[in-house]
Amino acid sequence: MRIGVLTSGGDCPGLNAVIRSVVHRAVVDHGDEVIGFHDGWRGLLECDYRKLDLDAVGGILARGGTILGSSRVQPAHLRDGVERARGHVADLGLDAIIPIGGEGTLKAANLLAQGGLPIVGVPKTIDNDIASTDVTFGFDTAVGVATEALDRLKTTAESHQRVMVVEVMGRHTGWIALHSGMAAGAHAIVVPERPFDIEELTAIVGERFSAGKRFAIVVVAEGAKPAPGSSMAVEEGGTDMYGHERFAGIGNRLAVELEARLGKEARPVILGHVQRGGTPTAYDRVLATRFGWHAVEAAHRGQFGMLTALRGTDIVMVPLAEATSTLKTVPADRYEEAQNVL
Ligand code: F6P
């Protein structure tokens, strides 16, 4: 069998572990040949690739980022490219393509699968918002980075009697905010699923100071917004060329607002891409390795138009169409549980 692999969309710790696992399973156990397309879908559309043998994936298990490079692609560009991609797949004699990516990549993968390409998807994202899998690799690493930052910020916040507003990633969902906030004992957690009331948030933080505490930590997901009709105004950042909302900086805005309302010093801390960089945790390496192994097996079974998913402790195959139809948001009961830490 000849297999093409690519990494697309925002990078994520664990991508290299999947690539390595695909090559090991395919080359060593099945005698396959593997090629890696450069910079995501661009590599497939422009037939830009390199051969991946065991040497090419040596020493990459613990390495962050992706040795293949990644990029985003405009959906219209990809729609126009289905025919070209089909031609390249035929010319290269590929029997399977394994795209590793998040929501946007998997939607593109589904489009190509519907166009007749032999696709087996692998989900990734630090946001953990892919509905069909219990967990995506990258999430555990991001939560670890955010938790460590929160722990560190607590000590400096206490020294200066400040409110620290820590903005974490989470475009549509607040999983990183929820888990890091719980793990670090944050005093308020603000997620996109639940538009916040600034009066309520001010009261929560204010009560803490009134009770004699000397600092407060607020974790806010980048996609969080005030409830409609709220007395806090936020700017709209518009959308970028890929149709993604541009954020105007909720962490900064919240810090300004809380400082003005509470009369306490507040500092914003934007964790940003530090959550996505660096070495994956052991959990993420194991999950990524299992996904790679199962993707190769699915290709050999001819299970195309599917993606690998974690259900409980098992890896199962799920139709791409189902996986991309909804996002996995933070449910109300998980949010309620987290309120106990306040
Ligand atoms: O989807 C993963 C993610 O890290 C989001 O949490 C974040 O909003 C986005 O990617 C950032 O993308 P970029 O690297 O293009 O700024």
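The values are calculated or read from the model by the stated rules, or taken from the named source; none is laboratory data. These numbers were taken from a predicted model, which means no experiment stands behind them. For neighbour counting, all protein chains shown are included, and Cβ atoms are generated from backbone atoms with ideal geometry for every residue, glycine included.
Could you tell me whether any residue of segment 101-113 is part of a strand (DSSP E or B), closer than 30 Å to Ile176 by Cβ, touching a helix residue (DSSP H, G or I) at 6+ places or on another chain (Cβ under 8 Å) and within 16 Å of the ligand (Cβ to nearest atom)? Yes, the conditions are met somewhere in segment 101-113.
Selection of first residues in segment 232-261 that are in the same structural domain as Gln74 (by TED's automatic domain parsing) and of second residues that are away from the ligand (no atom under 16 Å from the Cβ) and not basic (Lys, Arg), restricted to Cβ pairs under 7 Å at least 6 apart or on distinct chains, gives an empty result. Taken over segment 12-39, the criterion of being surrounded by fewer than 22 Cβ atoms within 10 Å (Cβ to Cβ) and within 16 Å of the ligand (Cβ to nearest atom) is satisfied by Asp39 alone.
When segment 161-173 is examined, which residues are found to be of a type in the set (Lys, Arg) and assigned to a strand (DSSP E or B)?
none
The residues of segment 116-130 that are in contact with a Pro (Cβ under 7 Å, 6 or more places away or on another chain) and more than 16 Å from the ligand (Cβ to nearest atom) amount to a single one, Ile119.
Restricting attention to segment 40-53, the residues that are outside any strand (DSSP E or B), away from the ligand (no atom under 16 Å from the Cβ), in contact (Cβ under 8 Å) with a residue 24 or more places away in the chain and of a type outside the set (A, V, I, L, M, F, W, C) add up to 2.
Exactly one residue out of Ile3, Ile98, Ile67 is modelled with pLDDT of 95 or more, of a type in the set (Val, Ile, Thr) and assigned to a loop (DSSP other than H, G, I, E, B), and it is Ile67. Checking each residue in segment 221-231 for being assigned to a loop (DSSP other than H, G, I, E, B) and either touching a residue at least 24 places away in the same chain (Cβ under 8 Å) or within 12 Å of the ligand (Cβ to nearest atom) (or both) picks out Glu222, Gly223, Ala224, Lys225, Ala227, Pro228, Ser230, Ser231.
Only one entry in Asp140, Asp127 is under 16 Å from the mean Cα position of the chain (by Cα), among the charged types (D, E, K, R), crowded, with 22+ Cβ neighbours inside 10 Å and part of a helix (DSSP H, G or I), namely Asp140. Between Ile176, Ile204, the distinction of being within 13 Å of the ligand (Cβ to nearest atom) and part of a helix (DSSP H, G or I) belongs to Ile176 only. Screening segment 213-229 for residues that are farther than 19 Å from His273 by Cα and in contact with a Phe, Trp or Tyr (Cβ under 8 Å, 6 or more places away or on another chain) and picking the one that is surrounded by the most Cβ atoms within 10 Å (Cβ to Cβ) gives Ala216. The residue of segment 179-201 that is nearest to Asp129 (Cα to Cα), among those that are part of a loop (DSSP other than H, G, I, E, B) and among the aliphatic types (A, V, I, L, M), is Val191.
What residue, among those in segment 70-95 that are in a loop (DSSP other than H, G, I, E, B) and among the charged types (D, E, K, R), is surrounded by the most Cβ atoms within 10 Å (Cβ to Cβ)? First the steps, then the outcome.
Here is the first cut: in segment 70-95, the residues in a loop (DSSP other than H, G, I, E, B) are 70-74, 93-95.
Filter once more, so that each one left must be among the charged types (D, E, K, R): 72, 95.
Working: Arg72: 21, Asp95: 17.
So, considering only residues that are in a loop (DSSP other than H, G, I, E, B) and among the charged types (D, E, K, R), the one surrounded by the most Cβ atoms within 10 Å (Cβ to Cβ) is Arg72.
Taking the criterion of being away from the ligand (no atom under 13 Å from the Cβ) and modelled with pLDDT under 95, would at least one residue in segment 142-156 satisfy it? No, because not a single residue in segment 142-156 is away from the ligand (no atom under 13 Å from the Cβ) and modelled with pLDDT under 95. Residues in segment 238-268 that are within 25 Å of Ala149 (Cα to Cα) and either within 15 Å of the ligand (Cβ to nearest atom) or buried (at least 20 other Cβ atoms within 10 Å of the Cβ) (or both): 13 in all. Search segment 162-188 for residues that are farther than 16 Å from Ala216 by Cβ and pair each with any residue that is of a type in the set (Lys, Arg) and within 14 Å of the ligand (Cβ to nearest atom) when their beta-carbon atoms are under 7 Å apart and the residues are at least 6 apart or on different chains. Pairs found: Thr173/Lys328. Across segment 270-290, what is the number of residues that are outside any helix (DSSP H, G or I), away from the ligand (no atom under 16 Å from the Cβ) and touching an Asp or Glu at 6+ places or on another chain (Cβ under 8 Å)? Of the residues in that region, 1 qualify.
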